[in-house]
Each structure stands twice: as C-alpha cells, then as structure tokens.
Amino acid sequence: MPILPLGIPTDLDKYFYNREKELITLNSFLNTLNYDVANQILVTGHRGVGKSFLLKKLLTELPDNILTAYIDISKIFGIQKGKITEELIMNSLLEAMNEPLREEMDDLTKAYDIVKDLIRKIRQKKFDFKEAGAAMGIAIPDIKDNYEKLSKFVMEFPQRVVELSDGEINGFVIVIDEFQLIGELESPEAFFWMFRSYTQEQDNVSYIFTGSTSSTSDIVGKINGIKGAFGGRMTQYAVDPFTSEETEGYLKEKVSELKFTESGLNRFYKCTGGYPAYINSFCNTMSGDVEYDDKMVIETFYEKIEQIAIMWTSIWATLSDKEKDIITTVIENGPLSWSDLLAKVDFSNKTLAKYVNIIRNKGILSHSDKKYMIDDHMLSAWLKYKKEQDGFYPP
Ligand SMILES: Nc1ncnc2c1ncn2[C@@H]1O[C@H](COP(=O)(O)OP(=O)(O)O)[C@@H](O)[C@H]1O
Ligand SMILES: [Mg+2]
C-alpha cells in the first residue's frame with residue numbers, strides 16, 4: 001500500500017508535484033518587490049485543492065533577498081478552542097515575521113532577540129514597546145489601547161526590516177492561511193481595513209491571504225469586493241484541482257506501483273475530482289497487487305470512504321450544531337432556495353442568515369441560480385454513507 005501524506009509533508013520536494021504555471025504566476029506577482037512595488041494577493045480554492053502546499057513551496061523557492069513568514073489562522077483558532085482575537089493573530093504574525101531575522105545581519109539579529117522578548121511579554125499581557133520600538137525604529141504612541149500599539153508595531157515591522165537591512169533585503173512576503181476565519185472576529189472589516197491602510201504605504205511588503213473559500217463568498221467581498229477594504233486592488237488567484245492528465249502524471253510519478261485500466265483511471269479521476277487531498281487518501285487505501293478497473297475503483301471507493309473522506313472528519317467536529325443542521329438539510333433535500341431552506345430548519349431568518357454566511361465562508365455551502373448546495377461531493381458522499389450505515393449523521 002502506498003503512503004502518501006494527508007497533511008503538508010516536512011519534505012516538501014519529495015511529494016510536491018508540478019504546479020509549474022501556478023508558481024511562475026505567483027512568483028511574477030512577488031518579483032515586483034525588487035522594484036519597490038508590492039502586490040497584495042488573494043488565493044482562493046476549495047479545501048484540499050493544494051493551496052497551502054503550493055504556497056509553502058512558493059515561499060521556499062524565493063531568493064534570499066526576500067524574507068518570508070507564514071501563519072495559519074486555523075492553528076491559532078485550534079489552540080484557543082474557538083475564540084479568535086485580533087490580538088492573537090497579531091502576536092502570531094509578529095512571531096512568524098521575527099523568525100527569519102534570526103539568521104540575518106548583526107543588527108537584525110540583535111533586534112530578533114529583543115522582539116522575541118517582547119512577544120514573551122505580550123503573552124503575559126505586558127505591552128511594553130520601549131526597547132523593541134527603539135531597536136526597530138518604530139515609534140509607538142503613548143496610548144492606553146494595547147491592541148492599537150501592538151498592531152502598529154506588527155504592521156510596520158516587515159517594511160522596517162527591509163529598510164534596516166541596507167539593501168540586502170528587498171521584500172517581505174507574508175502568507176495568512178485559512179484567512180476566512182477572520183470572518184469570525186467581531187469586525188473583520190476593521191481588521192482588513194487596517195491591513196489596507198498600512199500596505200498602501202509600504203513598497204516592499206506583500207501579503208498573500210489564502211483560504212478554503214469560494215471567490216464569491218462574503219469574506220472575499222469584505223476584503224476585496226467593491227466595498228471591501230482593498231476594493232478590488234488585490235490580485236486574485238484561484239487554484240484548481242489537477243486535470244485528468246495531471247492526475248495520471250501524479251500517479252505515475254508518486255505511486256507507480258498502482259495499476260489502472262483506462263476506465264479505472266477515468267473513474268478514479270471522477271471520484272477524486274483531481275483534488276490532491278482525495279487522490280492521496282484514496283491511493284493510501286489501494287493495493288499494488290491488482291489492476292483497478294472501473295468497477296473495482298467504485299467498490300473500493302464505497303468500502304473505504306471513511307478513510308478517503310478523512311479530511312472532513314476533523315472539520316465536521318469543529319462545526320456548530322446549526323452549521324451541521326443546515327448542511328444535512330441541504331444534502332437531504334437537494335439544492336434549496338432560501339425560503340425552502342428556512343422552512344426546513346427550525347431557526348429564525350436572522351439566525352439562518354448568520355450561519356449560512358459562516359459555512360459559505362468556509363467553502364462548504366455555495367449559492368448559484370438562487371439555490372444553496374453543498375460544494376464538496378466527497379462531503380456529501382461521506383455524510384450520506386454515514387447516515388445509511390449508522391442511521392444518523394455524525395455527531
Ligand atoms: N502539488 C501537489 N503535489 C503533491 N501533493 C499535493 C499537492 N498539492 C496538495 N497536495 C496534497 O494534497 C493535500 C491537500 O493539500 P493542501 O495544500 O493542504 O490543500 P488546501 O490548503 O488547499 O486545503 C495534502 O496532503 C498535500 O500533501
Ligand atoms: Mg490549506
């Protein structure tokens with residue numbers, strides 16, 4: 001049985017496949033940093049399509065004169081058991097941005113230690129920016145509001161690093177992964193506007209916001225819609241699943257022990273939709289001892305669906321009862337209009353609106369032709385299977 005990674009592997013190169021066009025395109029957006037032009041980028045795409053892996057690969061391939069930082073909001077979210085705050089995001093950002101300084105020139109290494117100390121103090125709720133502000137040349141106003149001080153320091157940090165490096169560093173690239181979770185802050189708009197106001201004046205800092213959300217979701221509107229903080233000025237880029245040729249090439253390169261007939265391969269592509277997440281989990285259930293035809297692929301799919309859809313088990317556990325209610329209602333009743341959906345769940349219009357928005361931001365529910373539907377076939381297949389098998393949906 002093959003063993004393909006279900007998360008992002010530590011050895012990126014061993015498992016990474018293709019994405020050459022994507023890397024060239026994203027690199028070209030970032031290359032302008034060398035000419036003091038900073039693009040702000042928004043990368044969307046369904047869960048499991050390969051955004052995080054692609055962006056991690058992108059960061060490792062950038063030249064030494066571009067520093068990089070990466071944070072995953074869902075990780076902060078995980079640690080805090082559901083309560084996410086601006087302060088926590090800022091603190092994680094600072095930690096991630098400070099890390100590359102550890103090995104830079106003398107001056108910046110000194111700053112690294114001071115900032116590291118600052119991060120420790122902030123965790124203990126001591127917001128004393130005197131020393132760090134002096135080391136980085138960032139003037140922190142003498143005000144009571146701790147978050148305001150922290151956010152000013154963090155947002156000015158990357159551009160100051162470039163300036164302090166005396167020409168050695170030309171840019172700073174910061175990836176904010178699973179950014180759709182920012183939607184759960186009290187005011188995502190204010191948070192995005194803050195980024196906008198700082199980035200507007202910074203020529204060497206590119207942020208890449210990315211998340212498993214559709215390019216038409218409410219949260220994408222808030223950050224880059226006409227009335228959103230960036231007002232369409234962000235460069236939007238959608239990551240697609242592998243094509244059938246890429247899927248075939250991937251299988252040949254990474255799991256050459258698996259054998260398919262032509263119809264078996266077509267079926268495999270239909271079952272996985274070209275999503276690397278599903279390709280990997282499906283392959284891990286297969287054997288190199290047989291040749292898979294159409295029928296065997298379908299059989300294996302239903303036999304092993306719990307393993308193949310494993311990505312959803314952990315996500316399902318993080319959803320609230322109302323979110324689950326809406327999802328199972330839509331699955332049972334097919335695409336539903338707003339009024340039909342409202343009639344079938346037992347909460348108010350306002351509550352429904354709130355939770356529909358949340359699961360749209362999470363890229364689970366989509367809306368087209370005035371109907372709501374589930375975006376992910378694997379999620380639907382898994383839930384239907386569980387219902388049939390157990391008599392109820394997973395709790
Ligand atoms: N280009 C790729 N080559 C090989 N495996 C990939 C590639 N892209 C994604 N994967 C695999 O697919 C899974 C999902 O990728 P991930 O980047 O986490 O998706 P996303 O961030 O879009 O949800 C991971 O297990 C990852 O290892
Ligand atoms: Mg990801």
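The values are calculated or read from the model by the stated rules, or taken from the named source; none is laboratory data. This one's a predicted model, so the numbers in the text were calculated from it and none came from an experiment. Cβ sites come from the backbone with ideal geometry, for glycine too, and all protein chains shown count toward neighbours.
Things worth noting here:
- The range 273-304, residues that are more than 30 Å from the chain's Cα centre (by Cα) and in contact (Cβ under 8 Å) with a residue 40 or more places away in the chain: SER287, GLY288
- Apart from one condition, LEU118 fits all of (1) surrounded by fewer than 18 Cβ atoms within 10 Å (Cβ to Cβ); (2) at pLDDT 95 or above; the exception is (1).
- When LYS270 is tested against (1) closer than 26 Å to LYS51 by Cα; (2) surrounded by fewer than 16 Cβ atoms within 10 Å (Cβ to Cβ); (3) in contact (Cβ under 8 Å) with a residue 12 or more places away in the chain, exactly one condition is not met: (3).
- The residue that is nearest to GLY171 (Cα to Cα), counting only those in the range 16-44 that are within 16 Å of ligand 1 (Cβ to nearest atom) and touching a Leu at 6+ places or on another chain (Cβ under 9 Å), is ASN27.
- Any hit, the range 175-198, residues being β-branched (Val, Ile, Thr) and away from ligand 2 (no atom under 16 Å from the Cβ): no
- Which listed residue is of a type outside the set (Asp, Glu), outside any loop (DSSP other than H, G, I, E, B) and in contact with a Lys or Arg (Cβ under 7 Å, 6 or more places away or on another chain), from TYR112, TYR207, TYR147, TYR198: TYR112
- Being buried (at least 20 other Cβ atoms within 10 Å of the Cβ) and either assigned by TED's automatic domain parsing to the domain that holds VAL162 or free of Cβ contacts under 8 Å to residues at least 40 places away in the same chain (or both) is a property that does not hold for ILE76.
- With respect to being away from ligand 1 (no atom under 12 Å from the Cβ) and not assigned by TED's automatic domain parsing to the domain that holds ASN361, ASP13 falls outside the description.
- Restricted to the range 1-83, the set of helices (runs of 4 or more DSSP H) holding at least 3 residues that are modelled with pLDDT under 95 comprises 12-15, 73-79.
- Residue pairs whose Cβ atoms lie under 6 Å apart, sitting 6 or more positions apart in sequence or on different chains, and linking a residue in the range 135-152 that is in the same structural domain as ARG123 (by TED's automatic domain parsing) to a partner that is buried (at least 19 other Cβ atoms within 10 Å of the Cβ) and assigned to a loop (DSSP other than H, G, I, E, B), are ILE140/PHE129; LYS149/PHE129; LYS149/ILE140.
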